[in-house]
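Inspection log for the structure reproduced underneath, given as structure tokens.
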Amino acid sequence: MQQELQQLWEDAEQELAQVAEPKALEIFRIKYLGKKGAVAGLFARMGGLSAEERPAFGQAVNDLRARLEEALALRKQAVAEQSESALPTGYDPSLPGYKPWFGRRHVLSSVLQEIVEIFRGMGFSVAEGPEVELDYFNFQALNFPDDHPSRDLQDTFYIEKDVLLRTHTSPVQIRYMEKHPPPVRIVVPGRVYRNEAIDASHAAEFHQVEGLYVDEGVTMGDLTVTLRHFAKEFFGSGTELRFRPHFFPFTEPSAEADMTCFACAGSGCRICGNTGWIEIMGAGMVHPNVFKSAGYDPEKVTGFAFGMGIERIAMLRHGIKDIRLFLENDLRFLSQF
Ligand code: DAH
């Protein structure tokens with residue numbers, strides 16, 4: 001019998017050593033010390049013992065119960081200490097977690113992508129050209145006279161006499177036509193540079209999207225339909241365009257396109273300077289001299305071209321008041337888009 005009690009104690013001790021959490025502690029308590037537990041079972045056997053045997057047995061079972069209670073209490077304390085030390089100090093599991101930080105597209109990239117997608121939908125593909133450009137492609141082949149004011153050092157960053165930072169995306173018209181026979185339907189996004197005094201509406205580097213459509217029988221009507229569709233898609237279906245006569249060396253006739261003011265829908269407000277119209281791009285029919293520079297026959301093909309400033313379009317679209325914000329990388333600005 002002594003042996004039986006000893007065995008029980010050893011089993012219990014071993015079992016308790018495995019216990020590592022409060023739930024298991026309770027299971028252990030019920031198994032050994034509960035109303036129907038092992039110790040209670042031993043006491044129940046007292047009735048079957050002789051009067052001589054009873055006191056010693058009772059004493060032994062009482063001892064066993066006391067040792068089990070003590071061992072359980074010690075283990076309880078150890079488990080509690082362990083789970084406390086598993087928590088990092090200063091950690092409050094009841095606080096809400098941090099949101100993961102997502103990167104996002106720069107507002108100029110998403111505006112650019114949207115513009116390109118609209119023209120892609122009309123069958124245009126994307127072409128690109130170098131930012132360091134020859135005078136020839138930037139000016140000469142585009143029918144700029146030698147004494148045109150934009151060739152002045154004050155307006156153009158020259159690297160060498162005939163090498164410059166392109167002042168617009170139009171040189172890609174020539175580069176593309178030199179390599180591809182008509183028909184041509186391209187948009188050309190890219191960065192351009194001008195020697196500007198920097199302020200809220202002028203930057204020395206900014207972005208443009210150029211467009212070029214060349215085929216037999218392309219008319220000014222194709223130009224207006226295409227650009228009107230773009231304006232409605234980008235700024236909303238109520239948007240109208242008007243074309244004002246203008247001058248560019250590489251188009252004839254040339255025009256500037258104004259859209260109805262999105263803020264007042266044409267009635268006149270501060271944004272449109274009370275005119276109801278906002279200028280958004282230059283456009284025109286490709287000048288015969290441009291076709292000749294690129295090796296196209298102006299007797300056979302006609303075409304239209306256009307160019308718009310992406311910063312300007314993005315500023316109109318999002319109500320951004322200062323062009324310098326695009327380059328400052330201030331997350332308070334960028335994360336709004
Ligand atoms: N290159 C002109 C500029 O930077 C914009 C432009 C106007 C492009 C008319 C064109 C065009 O293709 O037809 O101001």
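General remarks:
- For region 108-125, the condition holds for at least one residue, the condition being that it is among the charged types (D, E, K, R) and touching a strand residue (DSSP E or B) at 6+ places or on another chain (Cβ under 9 Å).
- Among residues of region 23-35 that are more than 20 Å from ALA80 (Cα to Cα), those with a Cβ under 8 angstrom from a residue that is in a loop (DSSP other than H, G, I, E, B) and not hydroxyl-bearing (Ser, Thr, Tyr), sequence gap 6+ or separate chain, pair up as LYS31/GLY37.
- Among the candidates VAL187, VAL163, residue that is within 13 Å of the ligand (Cβ to nearest atom), in the same structural domain as GLU216 (by TED's automatic domain parsing) and of a type outside the set (Lys, Arg): VAL187
Rundown of residues vs (1) in a loop (DSSP other than H, G, I, E, B); (2) under 27 Å from ASP146 (Cα atoms); (3) away from the ligand (no atom under 14 Å from the Cβ), yes/no style:
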| site | (1), (2), (3) |
| --- | --- |
| PHE234 | no, no, yes |
| SER237 | yes, no, yes |
| PHE243 | no, no, no |
| PHE247 | no, yes, no |
| SER254 | no, yes, no |
| PHE262 | yes, no, yes |
| SER267 | yes, no, yes |
| ARG270 | yes, no, yes |
| THR275 | yes, no, yes |
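- TYR296, sole failed condition from (1) surrounded by 15 or more Cβ atoms within 10 Å (Cβ to Cβ); (2) outside any loop (DSSP other than H, G, I, E, B); (3) within 16 Å of the ligand (Cβ to nearest atom): (2)
- Matching option when the condition is in contact (Cβ under 8 Å) with a residue 60 or more places away in the chain, within 11 Å of the ligand (Cβ to nearest atom) and not in a helix (DSSP H, G or I), among LEU212, LEU223: LEU212
The values are calculated or read from the model by the stated rules, or taken from the named source; none is laboratory data. Fair warning: this is a prediction, and the values are worked out from it, not measured in the lab. Note that each Cβ is placed from the backbone with ideal geometry, even for glycine, and that neighbours are counted across all protein chains shown.
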